[in-house]
Amino acid sequence: MHLWAAAVAGFLIPVILWDAFQTIVLSRRVSRKFRPTRAFYRLLWTPWRAAAKRLPQGNRRENILMVFGPLSLLSLIALWALGLIVCFAALHWGLGSQITGPDGVSGFGVDLYMSGTTFFTLGLGDVTPRTTVARGLTILESGMGFAFLALMIGYVPLISQAFSRREVTISMLDARAGSPPTAAQLLRRH
C-alpha cells in the first residue's frame, strides 16, 4: 500500500471538483488567492498572446486570439477530467485495491486504465476490481464521472450564450460609437 498516494489523491479530488464548480457553475467572481483555473489561464495565455503578436495586425491575429477562449475552456474541462482519472487511479493504487487485468497483470497502469473506463462510464469489463475497497471506489468514480460530465455538458451552452450576448454588445458598439469606437463619438450619437 502507498498511503501517501491515496492521501494526495484524496486531497486533490475535492480541489479539482471545487475548482470546476467555482469556474463553471458559480455566477459570481471568486476571490481566493490560489485557484488552479487562474494558474491554468495565466500559464496558457502568455505564450498564446506572444504567438499572436508575431502575426501582423488584422483579422488573422484577431481570429487566433478569438479562438483562445472556447479552446481553453474545452482544454480546461479535459484537464479536470484527466486530473480526476489520475487521482482515482492513485487512490486505487495507494489503497492496494487489487484491480487485475485479463491476464492477471496489476499495477498503476491497470489502475489508470480502470479509472479511465470507469470515469467515462465505458465499463468494458476486461479489468475487474477484486476487493470491497476497489468496488466501492469504482462505484464512486462512475457516479462522479457521470455527474461531472453531465454538469460540464449542461453548462457549456450557457457559457456559450453568455459569450454570444457579449459579442452582440461589442458589435453594437461599432454602430453606436463608430469604428473604431470612441467615447466622444458615443456621446455625440446619443
- Is it the case that the stretch 92-100 has a residue that's touching a helix residue (DSSP H, G or I) at 6+ places or on another chain (Cβ under 6 Å) and among the aromatic types (Phe, Trp, Tyr)? yes
- Message: Quick test for you: out of 67, 15, pick the one residue that is closer than 30 Å to residue 133 by Cβ, in a helix (DSSP H, G or I) and among the β-branched types (Val, Ile, Thr).
- Response: 15
- Query: Can residue 135 be described as assigned to a helix (DSSP H, G or I), basic (Lys, Arg) and either within 30 Å of residue 96 (Cβ to Cβ) or within 18 Å of the chain's Cα centre (by Cα) (or both)?
  - Reply: yes
- Message: Under 9 Å between Cβ atoms, which residue pairs at least 6 apart in sequence (or on different chains) link something in the stretch 119-132 that is under 14 Å from residue 104 (Cα atoms) with a partner that is acidic (Asp, Glu) and in a helix (DSSP H, G or I)?
- Response: 127/111
- Note on the structure: Condition set polar (S, T, N, Q) and surrounded by 16 or more Cβ atoms within 10 Å (Cβ to Cβ), scope the stretch 73-102, selection nearest to residue 117 (Cα to Cα): answer is 100
- Per-region count, the stretch 5-38, residues surrounded by fewer than 12 Cβ atoms within 10 Å (Cβ to Cβ) and modelled with pLDDT of 90 or more: 2
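Listed here are the residues, each with its yes/no results for (1) out of contact with any helix residue (DSSP H, G or I) (no Cβ under 7 Å at 6 or more places or on another chain); (2) without any contact (Cβ under 8 Å) to a residue 24 or more places away in the chain.
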| position | (1), (2) |
| --- | --- |
| 29 | yes, yes |
| 35 | no, yes |
| 38 | yes, yes |
| 46 | yes, yes |
| 61 | no, yes |
| 77 | no, no |
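The values are calculated or read from the model by the stated rules, or taken from the named source; none is laboratory data. Not measured: the values here are computed from a predicted model. Ideal geometry is used to build each Cβ from the backbone, glycine not excepted, and the neighbour counts take in all protein chains shown.
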